Amino acid sequence: MNTLNHISLLALFVLSLVFSPNNKTKAQESDQRTIITAVPFLGIVPDARSSAMGDVGIAITPDANSLFFNASNMVFASKTFGLSVTYTSWLKSLGLDDIFLAYLSGYKKIGEDQMIAGGLRYFSLGKLSYTDEMGNALQSVKPYELAADIAYARKLGKHLSLGLTLKYILSNLGSGTSVGGSMLKPAHAFATDLSLTYEKELKIAKKKAQIRAGLVLKNIGTKVSYTDNGEQEFLPANLGLGTCIKVHLDDRNALALAIDINKLMVPTPVSAYLTDHQGNVSLNPNYDLDADGIADYKQQSMVSSLFSSFADAPGGINEELNEIMISSGLEYWYNDMFALRCGYYYEHQNKGNRQFFSMGIGVRYKIFNFNFSYILPASKAQTNPLDNTLRFSMIFEM
């Protein structure tokens, strides 16, 4: 990998510390093919409610934050208008005070069958210093990323809805610095989400219940480039499936169980190195067959990568299954005013190794909802930038 790639990836993968908490040697890279994309902040769950439930959200009872997960679900909201504000400190446990995620979203129902929504995400990455291969300072920048969303959803019948979300994405990790003959520049992208939701009321053990299921294709859009050397990175395109069953135990008590599964529709990385049984490391001849300095898997088109991502893992079907991420959560409501939540998130150790427990509470007072969440690592070996951080979001509905 050339000097330019090292420097650009230093900024590009600041967030990947979340996804790959354990350091890897070159010899380990061939076995631990973590999928890393551009603008990974698009995958950060901004809502304290979902965070408390193990990051589930595709099919839970909709609110203003459902725009992040599944726009088609929002048309089933019980209120006609909703607005949510969330602020989250990032890597607070490392003593960093200038990295944060801010999220604003809202929706308005049009009659009973239609809905429009919008959202804005802003991620500050603090201060970052670029250096050359000799350690000489090149530029100090305050990188940031943002995404603006607008969505429309409509019921296709009593139980089914369809949603479409359009996105503009900006990732400014530095500009005006020439490195290795290439100039760093802000990256721009456009993307879309397509979503379906099915909802139906039923009886479970003579108790009133609702079942909801969702299917979402997220971040399907253009590739991005941070330099003028022609190298492009994939957006975190994602296939998500979710289901939620909510049972009203009596007039005051309700319990919901939700499960989401997600898979990135991005090519599995091909390692630049190979390791034999004796631990010897050598260059991988299949990494860059055309010798243009750019990994061949990165040169796939966006469309072809969506389909090939389900069958391109060198480890075959077992490795493809390892790329599935699982979220699960429970939510208990008392009198529709107070909620207790817990959850668990799992990602395979060779694909990012994010594994954590979560918990939280919710309080509803008139037209305001206040949600809090707290994340605990599944073991001492696992880390998360929100470990031991109290997360807060507020929703206004009417």
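The values are calculated or read from the model by the stated rules, or taken from the named source; none is laboratory data. Bear in mind the structure is a predicted one, so any value in this text is a computation, not a measurement. A quick note on method: Cβ atoms are made from the backbone with ideal geometry, for glycine too, and the neighbour counts reach across all protein chains shown.
Just a few scattered comments:
- Within region 340-353, tally of residues that are in contact (Cβ under 8 Å) with a residue 60 or more places away in the chain, surrounded by fewer than 21 Cβ atoms within 10 Å (Cβ to Cβ) and under 24 Å from Asp250 (Cα atoms): 1
- Here the strands (runs of 3 or more DSSP E) wholly within region 284-367 that include at least 1 residues being more than 27 Å from Asp387 (Cα to Cα) and of a type outside the set (Val, Ile, Thr) are 324-334, 355-365.
- When the test is whether a residue is touching a Phe, Trp or Tyr at 6+ places or on another chain (Cβ under 9 Å), at pLDDT 90 or above and more than 30 Å from Asn335 (Cα to Cα), Lys298 does not pass it.
- Test: Arg49 is within 24 Å of Tyr332 (Cα to Cα) and in contact (Cβ under 8 Å) with a residue 24 or more places away in the chain: yes
- For region 121-155, a residue qualifies if it is surrounded by fewer than 14 Cβ atoms within 10 Å (Cβ to Cβ) and either within 30 Å of Phe69 (Cα to Cα) or modelled with pLDDT of 95 or more (or both), and the qualifying residues are Lys127, Lys142.
- Hey, Ile35 under 30 Å from Asp312 (Cα atoms) and either crowded, with 17+ Cβ neighbours inside 10 Å or at pLDDT 50 or above (or both) or not: yes
- Number of the condition not met by Asp387 [criteria: (1) out of contact with any Pro (no Cβ under 9 Å at 6 or more places or on another chain); (2) within 21 Å of Tyr87 (Cα to Cα)]: (1)
- Checklist (1) surrounded by fewer than 16 Cβ atoms within 10 Å (Cβ to Cβ); (2) out of contact with any helix residue (DSSP H, G or I) (no Cβ under 9 Å at 6 or more places or on another chain) applied to Phe356, failing item: (1)
- For Leu164, the stated conditions hold: it is touching a residue at least 40 places away in the same chain (Cβ under 8 Å), part of a strand (DSSP E or B) and more than 19 Å from Thr243 (Cβ to Cβ).
- Flag for Lys24 being modelled with pLDDT under 50 and either part of a loop (DSSP other than H, G, I, E, B) or surrounded by 20 or more Cβ atoms within 10 Å (Cβ to Cβ) (or both): yes
- Selection from region 92-107 of residues that are of a type outside the set (Gly, Ala, Ser), surrounded by fewer than 15 Cβ atoms within 10 Å (Cβ to Cβ) and either modelled with pLDDT of 90 or more or touching a strand residue (DSSP E or B) at 6+ places or on another chain (Cβ under 8 Å) (or both): Asp97, Asp98
- Filter result for the condition that a residue is at pLDDT 50 or above, assigned to a helix (DSSP H, G or I), surrounded by 21 or more Cβ atoms within 10 Å (Cβ to Cβ) and not charged (D, E, K, R), over Val56, Val75, Val45: Val75
- Extreme residue, surrounded by the most Cβ atoms within 10 Å (Cβ to Cβ), among residues of region 271-329 that are touching an Asp or Glu at 6+ places or on another chain (Cβ under 6 Å) and among the polar types (S, T, N, Q): Ser327
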